[in-house]
Amino acid sequence: MMEAARATWARPQRRAIWDSLDGASGSVPAVALLIWAASLADVNPEKMGSTGLVSVLPVWTLLAFAAVNVSFVAAVARARLDTRTLAAHLGALIVMLYATTALVEPQPAFEAAYRHVGIADYIGSAGTVDTRIDAYFNWPGFFTLVAFFTHAAGLHNGLSLVPWAPLFYNVLYLGPLVVIFRSLTSDRRVVWLAVWLFYLTNWTAQDYFSPQGTSYFLYLVAIAVLLRWFTPPADPVSPAQRVGLLAVAIAACAAVVPMHQLTPFALLASVTALVLWAGCTVRLLPVLLAVLIAAWMSYMTVGFLNGNLAHLLGTIGNLGGTVTTNVSNRIGGDAGHRLVVDARLLLTAALWVLAAAGWRLLPRRGRRPVTVLALAPLPLLVLQAYGGEMLIRVALFSLPFAAFLAASAVSAALTSGARWRVAIAATASVAMIVALLFARFGNEQMDAFSSGDVAGVRALYRIAPPGSQLIAVSGPVPWRTQDYNSYRYERLTTRLPTIKDAPIVARPPLPLQLRDLMRASAPRRSFLIVTRSQIDGDALLGTVTTPARTVAAQLRASHIFDVAYANRDATIFTLNAVGEAGGS
């Protein structure tokens with residue numbers, strides 16, 4: 001009898017706890033943001049380890065992320081959804097995820113972003129696009145846009161925009177994502193969960209200062225317009241509005257074509273799938289997009305295709321090679337990096353398991369549009385390895401639709417009314433944000449640059465006259481931001497493959513190899529730079545047998561190289577008089 005009374009008393013107590021949590025959820029985002037902002041003062045990026053940003057985040061930062069996730073699940077599980085509360089949670093998550101690196105890292109991250117700044121700077125200075133320079137100039141849409149904006153804003157170049165690009169893009173993605181999800185369901189809970197899961201599982205890091213970041217937004221805009229207003233059951237609009245919306249979709253498609261190599265083909269696959277299998281009424285849009293792609297490829301990319309067509313055609317259908325370069329070659333390095341790779345695989349697997357469960361719950365007619373959009377990018381895997389990144393890009397293009405399917409499964413669990421299911425969902429959400437911090441920011445040790453790295457590259461440009469050969473042992477290096485076409489760039493891992501591939505007994509001493517390489521170019525115009533980012537990258541990935549640290553030590557010990565510049569994180573080597581004369 002006493003046990004029954006105790007159980008009767010416990011039930012209202014548990015209900016009171018849940019009610020208090022629900023009532024407090026509205027203030028959690030603001031409190032979490034305050035804790036997050038205060039905790040960043042204790043972050044020291046110089047102590048970052050091989051697991052990336054997580055290795056230097058204070059406990060309070062992680063607690064702020066956990067609190068937002070638990071509170072969001074509690075808020076989205078309510079019978080009556082509060083839009084302002086859910087929006088506050090989503091805003092807090094986006095800010096905390098994508099402003100952290102901008103606030104704590106001393107310099108902009110990602111080598112490719114520095115190169116993108118340099119290309120835009122060249123176009124802005126030259127006032128023209130020279131497709132003969134390299135492949136980037138064959139798709140100059142993003143760089144031309146950046147050149148125009150930086151000139152209009154009075155900026156020296158686009159480097160100051162780089163740290164804030166992830167936050168900017170992810171805020172930008174929110175609009176078309178909401179339109180897409182509201183096109184697929186009238187259930188507001190599913191919409192909020194789908195948006196939340198999109199941000200919680202997007203580890204691909206393609207939202208940096210890049211053509212991919214911008215073209216992905218255009219991809220989402222085109223799909224959003226077609227789903228909402230041109231795919232049954234389409235929202236009713238007036239003829240004038242229909243023309244305007246169609247113009248927006250066409251403009252988005254047209255803008256993607258000169259901006260990025262891959263996104264136009266992903267968009268073509270998705271639009272075609274909508275027309276053929278989901279009843280989209282804009283039946284000629286795939287034809288128009290295919291014509292635009294063909295016209296651009298045949299006119300602006302002739303030089304690129306002439307030099308690479310055989311290679312591009314040779315990889316078609318080589319799915320095994322694509323899997324090897326996209327998966328097998330990435331699973332390696334030290335224990336921390338392998339943990340990061342595991343987090344990416346587990347996060348993606350968890351999302352798709354939930355997506356499969358959600359797919360089974362949807363009515364047959366409701367499945368078709370989201371299913372074809374989730375699967376449409378998959379054929380890209382048989383076309384190209386895309387430098388070992390095709391699987392990542394396919395995951396990115398499929399992500400919104402996998403997130404929607406997963407949200408359908410989670411919503412069904414939350415609406416059952418069982419508190420234990422809410423607790424499980426909250427725990428899973430916390431686990432996913434922790435996995436995301438590893439997966440999304442796990443390479444920051446090498447992707448982020450120190451002030452010494454950047455100072456070393458600036459010294460390199462001061463020392464090396466235009467026309468010089470600039471050599472790095474490996475990557476990444478924060479270079480190519482200025483005088484883009486005035487220097488020749490080399491990496492030892494590609495220029496001297498014996499460093500990586502040949503047996504030790506088969507190659508001459510490394511300093512002599514470098515001497516011959518630099519003498520063949522022009523001794524007084526060849527400079528080799530070793531940076532902290534290269535050393536950390538070699539240790540993290542474990543892909544070279546003679547890493548940058550070893551190269552620097554051997555050159556210092558030799559009698560044919562001098563140190564032209566050095567700081568704590570960067571060293572520049574040149575041939576001395578003995579080396580120029582061919583001595584050993």
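Shown is the FRET efficiency for Ala79 and Val563, computed with R0 = 56 Å from the Cβ-Cβ distance and rounded to the nearest 0.05: 0.20.
Among 343-352, 128-137, what's the highest-first ranking by average C-beta atoms within 10 angstrom per residue?
Highest to lowest by the protection proxy: 343-352, 128-137.
Return the whole-Å distance between the Cα centroid of segment 388-447 and the Cα centroid of segment 129-174. Here the two parts' Cα centres lie 30 Å apart. Calculated from the structure at hand, Kirkwood radius over Cα pairs in Å is found among (i) 26.1; (ii) 30.6; (iii) 29.9 as (i).
Counting every C-alpha pair in segment 214-298, the share spaced more than 15 angstrom apart comes to 53%. Counting every pair of alpha carbons in segment 45-135, the share spaced more than 21 Å apart comes to 56 percent. Surface composition of segment 124-211: carbon and sulfur atoms hold 62% of the protein heavy-atom accessible area at a 1.4 Å probe.
Using only Cα atoms and rounding to the nearest 10 degrees, what angle (0 to 90) does helix 165-184 make with the longest principal axis of the chain? Between helix and principal axis, roughly 40 degrees.
Annotation for Arg419 and Ala135: the two label points, set 7 Å from Cα along the Cα-Cβ direction, are 5.7 nm apart. Quick check for you: which residues of segment 44-84 have the amide N under 19 Å from the point 7 Å beyond the Cα of Leu34 toward its beta carbon? Only 59-72 fall inside the zone, counting backbone N under 19 Å.
Seen from Ile123, the other residues with C-beta closer than 15 Å to its C-beta sum to a net charge of -1, counting Lys and Arg as +1 and Asp and Glu as -1.
Restricting attention to the chain, close to 55% of DSSP beta bridges with both partner residues there are antiparallel.
Counting only alpha carbon atoms, the long axis of helix 239-256 and the longest principal axis of the chain meet at about 30°.
Against the chain, whose longest principal axis is taken from its Cα atoms, helix 59-76 shows a tilt of about 40°. Protection proxy ranking, highest mean first, for peptides 33-45, 166-178, 88-100, 395-407: 395-407, 88-100, 166-178, 33-45, where packing is the per-residue count of other beta-carbon atoms within 10 Å, averaged. Set the Cα radius of gyration of segment 327-428 against 2.2 N^0.38 Å, with N its number of residues, and you get 1.27.
Per residue of the chain, the DSSP helices (runs of n ≥ 4 H) give a summed -39500 (n - 2.57) that works out to -21000 deg cm²/dmol at 222 nm.
Residues whose amide H lies under 5 Å from that of Ser526, counting only those 5 or more places away or on a different chain, are Gln469; hydrogens are built 1.01 Å from N in the peptide plane. Here the 3J(HN,Hα) profile of segment 44-58, calculated from phi with Karplus coefficients 6.51, -1.76 and 1.60 at θ = phi - 60°, is 10, x, 5, 9, 4, x, 6, 8, x, 4, 4, 5, 10, 6, x Hz, Gly and Pro shown as x.
In a fully extended conformation the segment linking Leu145 and Ala240 would gain 31.2 nm over its present Cα-Cα distance, using 0.36 nm per residue. In the full protein context, the chain carries 44 Å² of accessible surface per residue, based on a 1.4 Å probe and ignoring ligands, DNA and RNA. Overall, the accessible surface of segment 346-448 at a probe of 1.4 angstrom is composed of carbon and sulfur to the extent of 69 percent.
The values are calculated or read from the model by the stated rules, or taken from the named source; none is laboratory data. Small disclaimer: the values here were computed from a predicted structure and weren't measured. Here the Cβ is made from the backbone with ideal geometry for all residues, glycine too, and neighbour counts use every protein chain on show. Each accessible area value is taken on the protein alone, full model and side chains, heavy atoms only, with ligands, DNA and RNA left out. Shrake-Rupley method; radii C 1.70, N 1.55, O 1.52, S 1.80 Å.
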